[in-house]
Amino acid sequence: MNRTRAPLVLAIALAVTAGLAWGYWQADKRSLQVIDGDSLNLIGTRIRLQGIDAPELSQTCTRNGSSWSCGVEARQKLIELIAGRPVQCRVIELDKYSRTLANCYAGSTNLNKEMVRSGYAIAYLRYSNEYASEQLDAMKAKRGIWSGEFETPENYRVRNSAR
């Protein structure tokens with residue numbers, strides 16, 4: 001880990017360990033970048049939306065026999081949900097790769113939940129059941145990626161890292 005990030009990671013780790021419920025990050029649109037459908041850059045720190053997995057930016061899905069850029073659309077959906085509002089993220093934990101996992105909100109909108117409910121992310125059920133009902137609703141309504149065929153983002157990453 002580089003020395004400039006070490007204090008930040010330590011501060012996050014201490015906040016998680018201490019159980020600070022809203023030891024949170026807050027950013028306005030000038031200090032916020034949407035990286036993809038489940039990742040943000042807030043004030044220079046990469047935040048991953050906890051409990052969900054969205055298609056990778058380069059990932060495509062199939063609908064009615066045609067390929068579409070589901071990864072790009074997932075990113076666009078997250079941008080639309082934020083709608084230029086300030087974003088607040090409550091740190092949950094650091095994952096095994098030292099990434100910051102958080103529940104993030106734009107106003108009262110839970111971004112994690114809405115990405116799954118809209119069908120542009122799947123509930124990462126191996127790690128959390130928190131968004132299982134939203135995923136079921138999206139599946140039944142055939143919203144987002146559920147409107148056709150797709151490879152899970154995790155399988156897509158594994159398959160493409162083997163190349």
- Can you give the FRET efficiency for D137 and T62, using 1/(1 + (r/R0)^6), R0 = 30 Å, r = Cβ-Cβ distance, to the nearest 0.05? 0.85
- Note on the structure: Checked segment 77-126 with the C-alpha gyration tensor, a ≥ b ≥ c its square-rooted eigenvalues, rounded below a/c of 1.5, otherwise prolate if a/b is larger than b/c and oblate if not; verdict oblate
- Spin-label proximity, V158 to segment 88-126 - amide N less than 16 Å from point 7 Å beyond Cα toward beta carbon: 124-126
- Can you tell me the order of 136-142, 111-117 when each peptide is scored by its average per-residue count of other Cβ atoms within 10 angstrom, highest first? 111-117, 136-142
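Read-outs throughout are calculated quantities, based only on the coordinates presented, and are distinct from any laboratory measurement. As the structure is a computational prediction, the values presented were derived from the model and not from experiment. Neighbour counts run over all protein chains shown; Cβ positions are idealised from the backbone, glycine included.
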